[in-house]
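Following: one structure in structure tokens, then a few remarks.
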DNA sequence: ACAAAAGTGTTATTAGTACACCCATGC
DNA sequence: GCATGGGTGTACTAATAACACTTTTGT
């Protein structure tokens, strides 16, 4: 201990004794199954609160950033990598965890609907998709984290094209509209929605049709990243 | 050490050895002097990097939240309390600090222009106001923190009435316009600006005038909190 | 033939933008 | 009386909101 003590002399940390303060990351994992927004949660396997529903999270290791920690546990819990990842908020109430001090960085992430059913529900976390409407109680302040992340997702989706992160590479306009409707929790007029989306010039129509939703079939589109970047760099603000 | 070891057995933290990871808070302190946006920074007094320009920050103590830590150092550095405070972002690059692991929660805060000159520049931090245009180099990743916070301030000010946090209780429309102009870094048309602001019905005109800016004098207004809350709860989105 | 979802246009309303002159006052 | 910043109105344009029918095709 005396070796460590010298570390704290004569520098910025001189008045901070070494203490047990952990920092964790908790992931709010949104997924879209084509009809509803879902959340990937798990039954906590460790004490305390074993068996209670919980977000998927981890203590941040000494050698990783918040984003790397989130990427690690997302990969462990879903098998996926390269997920869209966004900081939501830091939760640091002194007594938010049980018995020791642990602050948590909440991150939210989006799972594409074509990967939705590929997310293994039998991994080390024993994770499960749950509808956002009838979410069970979650441990600690995790319910609050979900609600806060939901608000951020709602406002972000209006001005940034992150909705596309929840859809497969190729998608139809009705699918896109359904997604916006469940995120924003309001019905949208299909004519105005289509007009607005197409007018932005960031969707590329393909010749293929998707017939899973109707007899007639709906044209597939692709999100055009270059057109989008041109749009934002010319000062435009994507909006629904 | 063996006493501590038992703490880590049989719980969520079992695979996390006790390690030296600090969490700090750094404050991006914006102030408005009536003409320009300024930032309150200090010359670092401790090693390493003594004498370099730095944001005002501190290690978070075991008994305080991020917000409480920020409030504490803001009070130490400005003498003010009850400041508008907002989380900006967590910075957690493994090597962002020198020699040890320290992640930092960046918070931004707004100082009202009538308090601007009251902020003591001879406190334990030896803080100074600096124009945002010709900001000197700052230690570590603090420059990045400022730029990120500036982006957040810009987008926030368009849809939330936080601009009023930078003005005194009573202010004139030209003062408000000037503030928006320096935050958004663009000139605004005074007729359209006035029309838009007054149409929201959240400004209350007083009979007094402020003659500091002109011979004629400009009417003073007050921000009407109740009217604002009525507006947002009726689904409206404040915007400039 | 019919059910079910995809696709299409027009009009009305509202919000935003551009723009130029008179007013009140202190000096 | 003039310089300085404060205050006002109107016309044009763009965006948004409301609204109903036809098309395609599998069954």
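Per residue, the average separation of C-alpha pairs within less than 8 Å and at least 6 apart gives segment A:169-233 a relative contact order of 38 percent. Summary for residue B:186: label point 7 Å along Cα→Cβ; distances to the equivalent points in the other copies, ascending, 2.4 nm.
Considering every Cα-Cα pair within segment B:2-158, what fraction, in whole percent, is farther apart than 22 Å? Show your work: numbers first, answer last.
Values: 5385 of 12246 pairs.
Summing the P(r) of segment B:2-158 above 22 Å gives 44 percent of all pairs.
In terms of other Cβ atoms within 10 Å, B:229, B:160 run from fewest to most in the order B:229, B:160. Looking at segment B:169-233, the pairs of alpha carbons with a distance over 20 Å make up 31% of the total.
Legend: ranking of residues A:65, B:71 from fewest to most surrounding C-beta atoms inside 10 Å; resulting order A:65, B:71. Principal axis extents of the Cα atoms in segment B:121-240, from largest to smallest and rounded to whole angstrom, are 46, 40, 30. Across the copies of the chain, residue B:204 has label points (7 Å from Cα along Cα→Cβ) spaced 5.7 nm apart, shortest distance listed first. Ellipsoid semi-axes for the protein assembly as shown, based on the Cα gyration tensor and the rule √(5λ), read 38, 36, 19 Å when sorted largest first.
Only helices enter this figure: runs of n ≥ 4 DSSP H residues, each worth -39500 (n - 2.57), summed and divided by the residues of chain A, yield -9000 deg cm²/dmol at 222 nm to the nearest 500.
Of the residues A:62, A:176, A:40, the one that moves most in a GNM of chain A with alpha-carbon contacts below 10 Å is A:62. Kirkwood analysis of segment A:46-135, using all unique Cα-Cα pairs, places the hydrodynamic radius at 14.6 Å. Inter-copy label distances at residue B:218, using a point 7 Å along Cα-to-Cβ, come to 5.0 nm with the shortest given first. Structural descriptor for chain A: relative contact order 19 percent, calculated from alpha carbon pairs under 8 angstrom and at least 6 residues apart. Put in order of Cβ neighbour count within 10 Å, fewest first, the listed residues B:54, B:113 become B:113, B:54. Residues considered: B:170, B:209, B:89. Largest GNM mean-square fluctuation over chain B, using C-alpha springs under 10 Å, is found at B:209.
Any read-out appearing in this document is the output of simple, stated calculations on the displayed coordinates, not a laboratory observation. Because the structure is a prediction, the values reported are computed rather than measured. Cβ sites come from the backbone with ideal geometry, for glycine too, and all protein chains shown count toward neighbours.
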